[in-house]
Amino acid sequence: MASWATPEDGGRAATIPVWVAIVCRATRGPNVARLVSAFGQRGVPAHPIRPTALQAVLDDPARRPAALLTRLASGAPDVEMRALADLADHGVPWINGVPSVALAQDKWASLERLREAGLPVPGTALITREDEARPTLPAAGRYVVKPTRGSAGRGVIVGLELEQALHRARAYAEITGSALLQVMTGDGLDRRLFLVGDTLVAAMERRPAAGSGRGSVLYGAEATTWSPTTAQLDLARRAQAALGLDVAGIDLVEDEDGRDVVLEANSCPGLSAIEALTGVDIAGNMADFVLRKLPPR
């Protein structure tokens, strides 16, 4: 096992094993297992750590990891995000830092940041429990209602007329406090670019199953390999940079004018479907990226 030699009080030397913490909720999921295997193949152990357990690990020099890799799906409870918020000052490299992950998980806040950065995004309104004002959106066309936090298409309703969509969004907001009302672009086809650092490691197109409208493979979408244009890759990189993410799945869709727009940026993109489709060792790419961030031994 690799190790660091570090000075201790009294001039003695302490040997601390080198390992990487994968900060996640589902410690036994297939995506985490892929990452643990990829790090192990490179001679560095990786262990999943829940957010609420990380403080104790970082406070103990004998247990402190050499790097932290955040793998929190959108919708992580506030208590877990708060547990991570004050842990940035331990001198440990953090891949996908907490502020960037928190921003990406808030779909409305991330769209606003992308818009402020001059990037094209779909027409979207935030519907809240407290605000009963009618959003300024075209009466024609179809709409999508989605939670402000969530992943894999859960809770998303597609293909609604404006009045139906507004009614559903207000119902969501009564329960959760807020919801997004978004113009539906195209026929639901989206394009995922998987970026590790500024390198595109894989890309795919996802076409929804008939009647679904959702681009998630979990809901029967058909995925195919795809190669982005230079302009599409540049757009994805700009979105990644605007949100400050080291690792990101950037989803692009076409608007009614055929222009690429950023649907969302995922700070915890899934590995299984895109690795199986493309044959790319994405977990290995992520492990290599993390290990390059480690301080000199």
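Exposure proxy for M184, M286, M81: other Cβ atoms within 10 Å of each Cβ, ordered fewest to most, give M81, M184, M286. Put a dot 7 Å past the Cα of Q41, heading toward its Cβ, do the same for D198, and the two dots end up 2.7 nm apart. Computed extension gain for S272 through E254, at 0.36 nm per residue and net of the alpha carbon distance, reaches 3.9 nm.
A crude spin-label estimate for the pair T225 and A109, with each label 7 Å from Cα along the Cβ direction, gives 3.8 nm. Angle of helix 230-243 to the longest C-alpha principal axis of the chain, folded into 0 to 90 degrees and rounded to 10: 70°. Counting neighbouring Cβ atoms within 10 Å and putting the fewest first, the residues L277, L68 line up as L277, L68. Counted by neighbouring Cβ atoms within 10 Å, the residues I127, I157, I175, I95 run from fewest to most as I175, I157, I95, I127.
For the chain, the longest principal axis of the C-alpha atoms and the axis of helix 30-41 are separated by about 30°.
Between the amide H of L137 and any residue lying 5 or more places away or on another chain, no distance stays under 5 Å, with hydrogens modeled in the peptide plane.
Values quoted throughout were computed directly from the atomic coordinates according to the rules given, and no laboratory measurement underlies them. Keep in mind the model is a prediction, meaning the values are calculated, not measured. Methodologically, a virtual Cβ is constructed for each residue, glycine included, from the backbone with ideal geometry; neighbour enumeration extends over all protein chains shown.
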